[in-house]
Amino acid sequence: MTYKEELIKNANLMVAKGKGILAADESTPTCTKRFKSIGVDSTERTRNEYRDMLLTTPNMEDYISGVIFYDETLRQSTVKDNTPFTTHLLNKGIIPGIKVDIGAKVLSGHEDEKITEGLDNLRERLDDYYKMGARFAKWRAVITIGDEIPTQACYEANAHALARYASLCQEAGIVPIVEPEVLMDGSHTIDECFNVTFTALTEVFKQLDTQSVILEGIVLKPNMILSGNRCPVQAGVEEVAHRTIECLKSTVPSTVPGIAFLSGGQSNKDATAHLNIMNSKYSDDLKWNLTYSYGRALQQSALNIWLGKTENVPAAQDAFFHRAKLNGLASKGKYSESME
Ligand code: 13P
């Protein structure tokens, strides 16, 4: 199989109907923040134990197509029998992926905006990751809505970096998850979120085209169109679904195989309900599969039960499995609130 054929095959597997992607790629500082919230020390060992809890959840492959790792985790192994996590996942038919950006830094000349870094040596790093079993990667661009922002500089710089990253990934046989995240933090309206996301996605697809990225071999990971979390008027589930579909239909080419949303700080239930309505109401009319690539919305309940204790592992795994199952059903439009 050529790299191109492999890319297209894997991109389609990542967004297969009824399944989605677990984002377990929290950097060490982010993981430390999450552990602090439950009173657990963040060490290489506790982070390994936490990821082991998630990844050894029985039957998770029914609803999880891929897992995004952080560099440290990609090199770790199961607690019980020291099987590398990548091998463990591949044995279950789950595709391992890797976060390759090195974080969002201040955009020079634009102190309230961010640019994601990590292009230096990316070609060599991707070759190593491919050898280690990774078949997809992730790069997250961060776009903030506020007074006079985002600027054109922010849209362009981030879209350009995403496209350069995506092109390097495909050269290495790795499917790029292209993630331009418009943050829900702020007092903006849903209309402002729509307009900013529309502009961001338009710029991203322009830059992907310029860099000759094969759209059949990417997965888009966007935010949903939401009211800012401090906006006094909060759009309901129907409106979020409708505006999100409207925005994607006007920006995302039909050759993209699938769209896997980030949860972005939505509650577990909202993230599931929004995805469900999009699929139950609009999927007949859509060119791409719509699924999830959630971090917090898949992990939060399990994290709160786990608390760093071995005896809590089965209950934490049940909680993770439950969220994965509900989101799997939502990706087919078959979820209902009574399943909560
Ligand atoms: P959340 O679903 O917690 O937003 O995380 C998804 C992700 O990968 C952000 O980059």
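The values are calculated or read from the model by the stated rules, or taken from the named source; none is laboratory data. These numbers were taken from a predicted model, which means no experiment stands behind them. All Cβ positions, glycine included, derive from the backbone under ideal geometry; neighbour counts span all protein chains shown. Ligands, DNA and RNA are excluded from the accessible area calculation, which covers all protein heavy atoms including side chains. Shrake-Rupley method; radii C 1.70, N 1.55, O 1.52, S 1.80 Å.
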- Task: Holding the Cα-Cα limit at 25 Å, pick out from K19/K269; K9/K114; K17/K221; K17/K105 the pairs that are longer than that.
- Result: K9/K114; K17/K105
- Query: Magnitude of the Cβ-charge dipole of the chain, K/R +1 and D/E -1, about the Cα centre, nearest 20 debye?
  - Reply: 920 debye
- Message: Taking every DSSP beta bridge with both residues inside the chain, roughly what % is antiparallel (nearest 5)?
- Response: 15 percent
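Counting only C-alpha contacts under 8 Å and six or more residues apart, can you give the relative contact order of segment 66-134 as a whole percent?
29 percent
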- Provide the per residue accessible area, probe 1.4 Å, for the chain, rounded to a whole number of square angstrom. 41 Å²
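State which entries of K33/K99; K33/K249; K131/K206 exceed 25 angstrom in Cα-Cα distance in the structure shown.
The pairs that break the limit, which is 25 Å between Cα atoms, are K33/K249; K131/K206.
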- Message: To make sure I understand the rule: partners must be lysines, Cα under 23 Å from the Cα of K80, and not fewer than 8 residues away in the same chain. Which ones qualify?
- Response: K92, K309
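Considering Cα pairs under 8 angstrom that are at least six residues apart, work out the relative contact order of the chain and quote it in whole percent.
With pairs under 8 Å counted, the relative contact order is 19 percent.
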- Run the quick spin-label model on A315 and D41: label points 7 Å from Cα toward the beta carbon, then report their separation in nm to one decimal. 2.4 nm
- Query: What is the distance, in nm, between label points placed 7 Å from the Cα along the Cα-to-Cβ direction at H322 and at E148?
  - Reply: 4.9 nm
- With all protein chains in place and a 1.4 Å probe, W306 shows an accessible area in Å² (nearest 10) of 10 Å²
- Message: Using 0.36 nm times the number of residues separating L307 and N121, minus their current alpha carbon distance, what extension gain do you get?
- Response: 63.2 nm
- Sorted by accessible area with a 1.4 angstrom probe, largest first, how do M339, M60 fall? M339, M60
- To the nearest Å, what is the center-to-center distance of segment 73-134 and segment 273-334, using C-alpha atoms only? 22 Å
- Task: At 7 Å along the Cα-to-beta-carbon direction for both S283 and E171, put a label point, then send me their distance in nm to one decimal.
- Result: 3.8 nm
- Item | Candidate residues D127, D81: accessible-area rank, largest first, probe 1.4 Å | D81, D127
- Query: Which order, highest average first, do 163-175, 110-122 follow once you tally other Cβ atoms within 10 Å for each residue and take the mean per peptide?
  - Reply: 163-175, 110-122
- Task: Using R₀ = 25 Å, calculate the FRET efficiency as 1/(1 + (r/R₀)^6) where r is the Cβ-Cβ separation of Y3 and K92; round to 0.05.
- Result: 0.55
- Within 10 Å, count the other beta carbons around each residue, average over each peptide in 196-207, 3-14, and list them highest first. 196-207, 3-14
- Task: May I ask you to evaluate 6.51 cos²θ - 1.76 cosθ + 1.60, the Karplus curve with θ = phi - 60°, for each residue of segment 323-340 and list the ³J(HN,Hα) values in order in whole Hz, giving x for glycine and proline?
- Result: 5, 4, 5, 4, 6, x, 5, 4, 6, 10, x, 10, 8, 9, 4, 5, 7, 4
- Query: Residue separation times 0.36 nm, minus the C-alpha to C-alpha distance between S77 and V237: what's the value?
  - Reply: 53.6 nm
- Calculate what fraction, in whole %, of the accessible area of the chain sits on carbon and sulfur atoms when a 1.4 Å probe is rolled over the protein chains. 48 percent
- Charge tally in the Cβ shell below 12 Å around R243, where Lys, Arg are +1 and Asp, Glu are -1, R243 excluded: -4
